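For reference, the structure is listed below as structure tokens.
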Amino acid sequence: MNVKITSILVLVALVVLFVIQNITVVEINFLFWSLQMSRALLIFFLLAIGIVIGWLLHSHFHKGK
């Protein structure tokens, strides 16, 4: 149990450090849209979109077998 709590605390510390270092606001241009958001939030959204796309593709190809 102690190893699990330590691992969680280290992971949380790394996430907080990542957010603090990537708080800069960046501008995103896509076709006709222009949006400003923090770099950490952008990376999080891109990761979430990638996970969803991977999950959908995996379930699509796994059903074919």
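The values are calculated or read from the model by the stated rules, or taken from the named source; none is laboratory data. Because the structure is a prediction, the values reported are computed rather than measured. Each accessible area value is taken on the protein alone, full model and side chains, heavy atoms only, with ligands, DNA and RNA left out. Shrake-Rupley method; radii C 1.70, N 1.55, O 1.52, S 1.80 Å.
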Original post:
Quick one: with all protein chains in place, what share of the accessible area of the chain is carbon or sulfur, to the nearest percent (1.4 Å probe)?
Top reply: 76 percent
Original post:
Helix-derived [θ] at 222 nm for the chain: sum -39500 (n - 2.57) over DSSP H runs of at least 4, divide by residue count, nearest 500?
Top reply: -24000 deg cm²/dmol
Subject >> Highest-fluctuation residue, F30, F18, F45 considered, GNM on the chain with Cα pairs under 10 Å >> reply: F30
Original post:
How much length is gained on full extension from V16 to L41, taking 0.36 nm per residue of separation minus their Cα-Cα distance?
Top reply: 7.8 nm
Original post:
Do you know the relative contact order of segment 1-63, to the nearest whole percent, from alpha carbon pairs under 8 angstrom that are 6+ apart?
Top reply: 20 percent
**OP:** For segment 21-36, just list the computed ³J(HN,Hα) in residue order, Karplus coefficients 6.51, -1.76 and 1.60, θ = phi - 60°, integers in Hz, with x standing in for Gly and Pro.
**Re:** 6, 10, 8, 4, 7, 10, 9, 10, 10, 9, 6, 9, 9, 9, 9, 10
Subject >> Amide hydrogen neighbours beyond the local backbone of M37, cut-off 5 Å, H modeled >> reply: V26, I28
**OP:** At 1.4 Å probe size, with every protein chain present, just tell me what the per residue accessible area of the chain comes to in Å².
**Re:** 94 Å²
